[in-house]
Amino acid sequence: MRYSKTFIPTSKEVPREATIKSHILMLRAGMIKKLSSGVYSLLPIGLKVVRKVEDIIREEMDSINSIEFSLPVLIPAELWKTSGRWYAMGPELFRLKDRNKQDFVLSPTHEEVFTDLMKDHIKSYRDLPITVYQIGLKFRDEIRPRFGVMRGKMFIMKDAYSFHQEDDWASLQKTYDDMSKAYKRIFYRCGLETIPVEADSGAMGGNKSEEFMVPSHVGEEQIVKCDSCGYVANIEKAYSPYREFKYESCGEKELVPTPDVKTIEDLSAFLKKPYEYLIKTMVYKTDGGEFVLALIRGDLNINETKLKNYLSAAEIMPAEESEIKEKLGLPPGFMSPIGVEGVKVVADESVRDIKCGVCGGNKKDYHYINVDVERDIKNIEDFIDIRMVSEGDLCPKCGSKLRIFHGIELGHIFQLGDKYTRAFSVTYLDESGKERFPIMGCYGIGVERTVAAIIEQNNDDDGIIWPITVAPYHIYLLPIKYSGKTREVSDRIYNELLSSGIDVLLDDRDLRPGVKFKDADLIGIPFRVTIGDKGLEDGIVEFYERKTRSKSKIKVDEIVTYVKKRVEDEFKKYEV
RNA sequence: CGGGCUGUAGCGCAGUAGGUUAGCGCACUAGUCUGGGGGACUAGGGGUCGCCAGUUCAAGUCUGGCCAGCCCGACCA
């Protein structure tokens, strides 16, 4: 491609809207342009990179016998009512009506459509297992779009779905493992080191799931990892045994005045008690409008995901102070389950053994002291794990200290079970002629997010440094001055490289060399060949590697062969 | 939705004790000199100062409302 014949609007200025490296560089390199919050246009080189990532995904999906489709994004609401997600999903689901007032959704994911599609096909156990996928647009009305293409309202996703015979979890596990391996290959080929992480299944339902994370300080996920035994989990899912504490027993519980002492810090200071004696009472509200008191030891924090799962709620949120006062008649800041009736109470395991503890007095400016949980708090329904793991907690497998770091979630694979096949009455006949429901798995990859993660991990002060597998071009041909002999030689090299299948960008613009050098580095093409009159006098051109910034002089006659070799060798580094 | 911040030329910004032609850098047009890491000079073009209402002789500047965007939290590929 000739630079003058394409569209790469680079920019020297850092756009004000962007704060992270990948977002800034995508804008500066002219890959994307914002249309509105969370909605971006892909410009030519952005599109080229996305296509290259998609091609890698496609190859790997095909290699595990996943079959490609392309499904609509405009979906009649009927399908979503059938699965129940029309009601369960909340405002992140884009809903619209056609002129006949029929409800539609812009699909945020395609379980419904694929399940509906497969319903007509899967009739016999002989039709199973089958795995299908597509690479297409998804729409989610995100609460807060962020970091450019990293979290948009509209994005490209590879989503795959597998169907297996009822109870044939081994078959599902096989596909799940194949996907997991394919994902590792995909990300490796994109030049990314990913970590598979145990994950919460969230709104998708199902039981087993794994996320593919790329460690990054801009990642929105927190990953818990044990460096000695290799245990890794999303913090939402991570478990750690709580630190034991020895409690001495003491007398009867007693109501004491604690004026204006609301927080755990203040309470600990006021009563001169370590956090381990304090019982935190949190009030949550479920999407069903139910209130729940959740108890945890003062030095620990509640993991809302775990609590939500325990309650089998689609959504939970901390109750508002006003709701606590009006609906429950409790004083915020001074609450406890003591004497409370008609509200569900659950406690973290860490609360069970507390003796001589402190909890709210259910009266403004009062707390109970000398609380013995077993003796004094009878209305706890269950002691469960609802703790948030924190840095330095102990590994559940080997007891070493856990580390927490941030990561970007690029892919997520789930074992779904029969939620959707039952909802859509997808049935087949087994060998004995009995009607059965297939079980499913689903498997996603965020495509633009993968591109952003690649940039996030491969850049320097001057710009992007693409792995050759996804680079918009392999070679940047840079004539110092595009005229005369230099132009002749540049054109010749350009044509020869093109005809040997190399993706080459010829900077044929009439600009000062400095500008071209800066643009070349910014766009981040892995290799560059600089052609100038000076070199040509000695019959040489300069070969430059973006990553190492190393330069070498190559004879003009040999440059095409040399480039082909370097490109080939570079590709080999990303082979699996 | 809660908390913080910002809207002035394509981009990045200045200008606000209210005052007459609204400025700078980059980019853009014409020309000259240049030409191996965002060059110099000369001459230009481009703005309903986010929108609406109000206060005032006078509003980019003050007041109110609205809209949009960014950052921190709940959501997720």
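What follows draws every value from the coordinates through simple rules; no lab data is involved. In this text the structure is predicted, and so the values were computed from the model without any measurement. Note that each Cβ is placed from the backbone with ideal geometry, even for glycine, and that neighbours are counted across all protein chains shown.
Is there a quick way to get the dipole size of chain A? I mean about its Cα centre, with the Cβ of Lys and Arg at +1 and of Asp and Glu at -1; what is the value in debye to the nearest 20?
That gives chain A a dipole magnitude of about 1760 debye.
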Query raised in the report: With each label point set 7 Å from Cα along the Cα-Cβ vector, what nm distance links A:Ser41 and A:Lys572?
Result: 4.3
Query raised in the report: Considering the zone a paramagnetic label at A:Asn301 would reach in this model (a point 7 Å from Cα along the Cα-to-Cβ line), which residues of segment A:381-415 have amide N under 11 Å from it?
Result: A:388-391
**Report entry** Relative contact order of chain A, pairs being alpha-carbon contacts under 8 Å that are 6 or more residues apart, as %
**Finding:** 17
Requested in this report: Compute all pairwise cysteine Cβ distances in chain A, then list the cysteines with no distance under 4.7 Å to another cysteine.
Outcome: A:Cys190, A:Cys359, A:Cys442
Query raised in the report: Which value, in Å³ per residue, describes the convex hull spanned by the Cα atoms of segment A:388-476?
Result: 249
Query raised in the report: In whole Å, what is the distance between the alpha-carbon centres of segment A:385-406 and segment A:75-112?
Result: 39
Query raised in the report: Rounded to the nearest 0.05, what FRET efficiency is calculated for A:Glu321 and A:Phe405 with R0 set to 30 Å and r the Cβ-Cβ distance?
Result: 0.30
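Can you say what percent of the DSSP beta bridges in segment A:473-572, counting only those with both residues inside, are antiparallel? Round to 5.
About 55 percent, rounded to the nearest 5.
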Report task. Compute the signed sum of charges (Lys and Arg +1, Asp and Glu -1) over the other residues within less than 12 Å, Cβ to Cβ, of A:Lys551. Result -> +2
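Work out how much length A:Leu271 to A:Glu391 would gain on full extension: take 0.36 nm times their residue separation and subtract the Cα-Cα distance, in nm to one decimal.
Contour length minus the Cα-Cα distance gives 40.5 nm.
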Query - Exposure proxy ranking, count of Cβ atoms within 10 Å, fewest first, for A:Ile454, A:Ile369 - result: A:Ile369, A:Ile454
**Report entry** Tensor-based shape of chain A (alpha-carbon gyration tensor, a/c under 1.5 rounded, otherwise prolate or oblate)
**Finding:** prolate
Report task. Restricting to segment A:254-384, compute how many DSSP beta bridges are antiparallel as a %, nearest 5. Result -> 70
Query - Inter-probe distance in nm under a simple model that places probes 7 Å from Cα toward Cβ, at A:Thr561 and A:Asp62 - result: 3.3
**Report entry** Contact order normalised by residue count of segment A:122-264, Cα under 8 Å, 6+ apart, percent
**Finding:** 14
Report task. Work out the FRET efficiency for A:Cys356 and A:Arg95 from their Cβ-Cβ distance, taking R0 = 51 Å, and round it to the nearest 0.05. Result -> 0.40
Query raised in the report: Hey, fewest Cβ within 10 Å first, where do A:Tyr40, A:Tyr420, A:Tyr188, A:Tyr476 land in order?
Result: A:Tyr188, A:Tyr40, A:Tyr476, A:Tyr420
Report summary line: Taking R0 as 51 Å and r as the Cβ-Cβ distance between A:Lys553 and A:Asp177, the FRET efficiency 1/(1 + (r/R0)^6), rounded to the nearest 0.05, comes to 0.55
Report summary line: Placing +1 on each Lys and Arg Cβ and -1 on each Asp and Glu Cβ in chain A, then taking the dipole about the Cα centre, the residue among A:Cys250, A:Pro108, A:Ile531 whose Cα reaches farthest towards the positive end is A:Ile531
Query - Hypothetical label at A:Glu17: residues of segment A:37-52 whose amide nitrogen lies under 14 Å (7 Å Cα-Cβ projection) - result: A:37-43
Query - segment A:288-422 - percent relative contact order, Cα under 8 Å, separation 6 or more - result: 24
Query raised in the report: Which percent, to the nearest 5, of DSSP beta bridges fully inside chain A are antiparallel?
Result: 80
Report summary line: Length gained if A:Leu117 through A:Ser499 is fully extended, taking 0.36 nm per residue and subtracting the Cα-Cα distance, is 133.2 nm
**Report entry** Positive-end extreme of charge dipole, segment A:1-151 - chosen from A:Leu35, A:Leu117, A:Ile64 (charges on Cβ)
**Finding:** A:Leu35
**Report entry** Relative packing of peptides A:395-401, A:13-19 - highest average C-beta neighbours within 10 Å first
**Finding:** A:395-401, A:13-19
Query - A:Thr561, A:Thr263, A:Thr421 arranged by Cβ crowding within 10 Å, fewest neighbours leading - result: A:Thr263, A:Thr561, A:Thr421
Requested in this report: Quote to one decimal, in nm, the extra length available between A:Thr6 and A:Lys378 on full extension: 0.36 nm per residue of separation minus the C-alpha distance between them.
Outcome: 126.6 nm
Query raised in the report: To the nearest 20 debye, what is the magnitude of the charge dipole of segment A:4-65 about its Cα centre, counting +1 on the Cβ of each Lys and Arg and -1 on the Cβ of each Asp and Glu?
Result: 440
